[in-house]
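S.K.: Dropping a structure here in structure tokens format, bear with me for questions.
The values are calculated or read from the model by the stated rules, or taken from the named source; none is laboratory data. Everything quoted here is computed from the prediction, not taken from an experiment. Note that each Cβ is placed from the backbone with ideal geometry, even for glycine, and that neighbours are counted across all protein chains shown. Side chains are part of the model used for accessible areas, which takes the heavy atoms of the whole protein and leaves out ligands, DNA and RNA. Shrake-Rupley method; radii C 1.70, N 1.55, O 1.52, S 1.80 Å.
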Amino acid sequence: MKTYDVIISGAGPVGLFLACELALAACSVLILEQAAEPQTPFKLLPFGVRGLSAPSIEALDRRGLLDALDIHKRMKNLFAAGSPRQAGHFAGLGFRHDEIDETQWKYRLPGSPPTHLISEMAELETVLTARALALGVEIRRGVAVTGVAQDADGVRVNGTIPGRWLVGCDGARSVVRKAAGFGFAGTEPEFTGYTIKADIADGAKLRPGRTVTSAGMYFQTQADHILIQDFDGGAFHGAKQPVTLEHAQAVLRRISGTDVQIAALHLATTWTDRAYQATSYREGRILLAGDAAHIHSPLGGQGLNLGLGDAMNLGWKLAATVHGTAPDNLLDSYAAERIPVGAKVLDWSRAQVAIMRPRPESRALYEIFRDLLKTKDGATYFAGRVWGIPAGDRPVAGLSVPNFEFADGTRVNHLMRGGRALLLDFDGDAALRTLAGSYGIKYVGGRPTETLGLTALLVRPDGVVAWAAHAVVDHTELKSELARWFVPHSAHNND
Ligand SMILES: Cc1cc2nc3c(=O)[nH]c(=O)nc-3n(C[C@H](O)[C@H](O)[C@H](O)COP(=O)(O)OP(=O)(O)OC[C@H]3O[C@@H](n4cnc5c(N)ncnc54)[C@H](O)[C@@H]3O)c2cc1C
């Protein structure tokens, strides 16, 4: 039986995106997906609507996948109930485009892809599946991962399927996480969230958009699509009961403080604000990414973005490890970099819950946040956090590479389509071309239209700036940074 370089459990967006990254880097990849059919009504609009933020949009653009998604073009008027100038929210409190000071984001160049977009799970997964298949990924649907074993040389899934590495991208209830013994720690839920599609007999009794009430929150995105937050300690969701029309109506009435009537319930699902994170992202040859590694409430729409970020970070590191071209500890940098990012998102979701509780002290805080979000600094801070764009005077190393544009119109994002690292040399330093060649890195010489005061940058395959120079390049410094992330060509071994 064929031994795959990497087996991935779960063909959700994170498993698919990771598979694309690995296959782009010439790994053989098998995805096992428990669902026989890729689509469910919950992946279609309006249930399947997902907000994409800047790092995800950049990642998709860097792999040439952004243009394949056209849902945002069709979505313009779908959420007309909300303010057209609302750019995002924190705990349901909106911040507006015209309040955001984009000059704070000094590494975002004009002409960069958007800071936020609407996507649809079904479309995203369709696009990623097509790309994965085109790159040679094998996807077996209707096959659930039920057991995993590993030794020093590889993994064995379900007792029979061999691989060198296994990545659990199998969502919140990850079998891989449990079977491989990963720790999972966090905080218990405070509410049950409902997403329902229903005919409302007297919908005018509800307010359009998002309404926080003394009992919880409801959000009418369209006449027949409503989200509700009921602070029941997560009890209803935890009991795994089906949502009946009577129950949905009783909850909606209590939260909205109206006697609104649901005439027909078409579709309903529940979720909570349970916030848990794996205590490690790697146990030997088994890794976790996406919801398998972290769960939290969907408030502020960050889970998918967090998972796509995991995949972008892990893909090139795992591929280099598979090919024997990774420096020591490269794979461990995945958890070292991503666990703090995940922890921050969990705290962001907890902070929103804290000010939404139906309690006087939370209401008081809520009003203070409302005032803060109306200020320029407030809107800029919240937009930066929600969209994942760091502000202020920080070094470019560690951030996403600015989308520099060269004289012929080529952008850095376009140069990253092949998934290779880049050495950008704005001053034509011949030694940099030689160095790039010795590490198999793509050398890009030439001056962009805007340099942002930089002279050279080393960009990892995931688009993160590993090193940057503002003046004459210190070759010793660059060599040490190259050795941190890559192995020279002569040292490659492909065992
Ligand atoms: C109401 C709601 C709104 C949301 N809105 C946003 C938003 O606006 N922005 C955002 O960023 N995030 C949002 N999220 C979160 C986002 O949907 C998830 O974080 C994202 O889907 C995680 O992707 P994933 O691939 O890790 O997991 P999943 O999408 O859960 O995919 C996991 C896959 O693994 C498969 N699987 C499970 N078990 C097994 C097994 N044993 N063997 C094989 N396959 C298995 C599943 O069938 C599934 O296909 C929202 C979530 C909810 C509930």
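S.K.: Quick one: grab the alpha carbon gyration tensor of segment 289-348, order the square roots of its eigenvalues as a ≥ b ≥ c, and give me rounded if a/c is under 1.5, else prolate or oblate depending on whether a/b is larger than b/c.
M.R.: Prolate, since a/c reaches 1.5 and a/b exceeds b/c.
S.K.: Same structure, new question: Between segment 164-231 and segment 312-372, what's the alpha-carbon centroid distance in Å?
M.R.: 18 Å
S.K.: Extension gain residue 483-residue 133, at 0.36 nm per residue separation less the Cα-Cα distance, in nm?
M.R.: Length difference between fully extended and current span is 122.7 nm.
S.K.: So who's got an amide H within less than 5 Å of the one on residue 8, skipping anything under 5 residues away but keeping other chains? H placed 1.01 Å off N, in plane.
M.R.: Distant-sequence amide H within range of residue 8: 30, 31, 32, 167.
S.K.: Another question about this same structure. Compare 148, 251 by solvent-accessible area with a 1.4 Å probe and give them largest first, with all protein chains kept in place.
M.R.: 148, 251
S.K.: Treat each spin label as a single point 7 Å out from the Cα along the C-beta direction, and report the residue 140 to residue 472 distance in nm.
M.R.: Inter-label distance under the simple model: 6.0 nm.
S.K.: Could I ask something else about it? Assuming a ≥ b ≥ c are the square roots of the Cα gyration tensor eigenvalues, decide whether segment 412-491 counts as rounded (a/c under 1.5), prolate (otherwise, with a/b larger than b/c) or oblate.
M.R.: Oblate, since a/c reaches 1.5 and b/c is not below a/b.
S.K.: Any idea how far the Cα center of segment 374-420 sits from the one of segment 96-151, in Å?
M.R.: Centre-to-centre distance over Cα atoms comes out at 17 Å.
S.K.: Here's something else I'd like to know. Whenever you get a sec, line up 213, 40 from highest to lowest accessible area (probe 1.4 Å, protein heavy atoms).
M.R.: Descending order: 40, 213.
S.K.: With every protein chain kept in the model, how would you rank 218, 443 by accessible area, 1.4 Å probe, largest at the top?
M.R.: So the residues, ranked largest to smallest area, are 443, 218.
S.K.: Considering only protein heavy atoms, what is the solvent-accessible area of residue 227 at a probe of 1.4 Å, reported in Å² to the nearest 10?
M.R.: 40 Å²
S.K.: Using a probe radius of 1.4 Å on heavy atoms only, what accessible surface per residue do you get for the chain? Whole Å² is fine.
M.R.: Ligands and nucleic acids excluded, the figure is 42 Å² per residue.
S.K.: Over segment 412-491, what is the percentage of antiparallel beta bridges among all DSSP beta bridges, to the nearest 5?
M.R.: DSSP beta bridges in segment 412-491 are roughly 65 percent antiparallel.
S.K.: Also, I was wondering about something else. I'd like the accessible area for residue 7: 1.4 Å probe, protein heavy atoms, all chains in place, Å² to the nearest 10.
M.R.: 0 Å²
S.K.: Is the shape of the chain best called rounded, prolate or oblate, per the rule: a/c under 1.5 gives rounded, else a/b larger than b/c gives prolate, else oblate, with a ≥ b ≥ c the square roots of the Cα gyration tensor eigenvalues?
M.R.: Because a/c hits 1.5 or more and a/b fails to exceed b/c, the chain counts as oblate.
S.K.: Another question, then. Using unit Cβ charges (K, R positive; D, E negative) and no other charged atoms, how large, in debye to the nearest 20, is the dipole of segment 192-272 about its Cα centre?
M.R.: 160 debye
S.K.: Oh, and also: On the accessible surface of the chain, probed at 1.4 Å, how many percent belong to carbon and sulfur atoms?
M.R.: 53 percent
S.K.: I've got another one for you. What FRET efficiency comes out for residue 247 versus residue 178 if R0 is 51 angstrom and r is the Cβ-Cβ distance? Round to the nearest 0.05.
M.R.: For R0 = 51 Å, the calculated efficiency reads 0.95.
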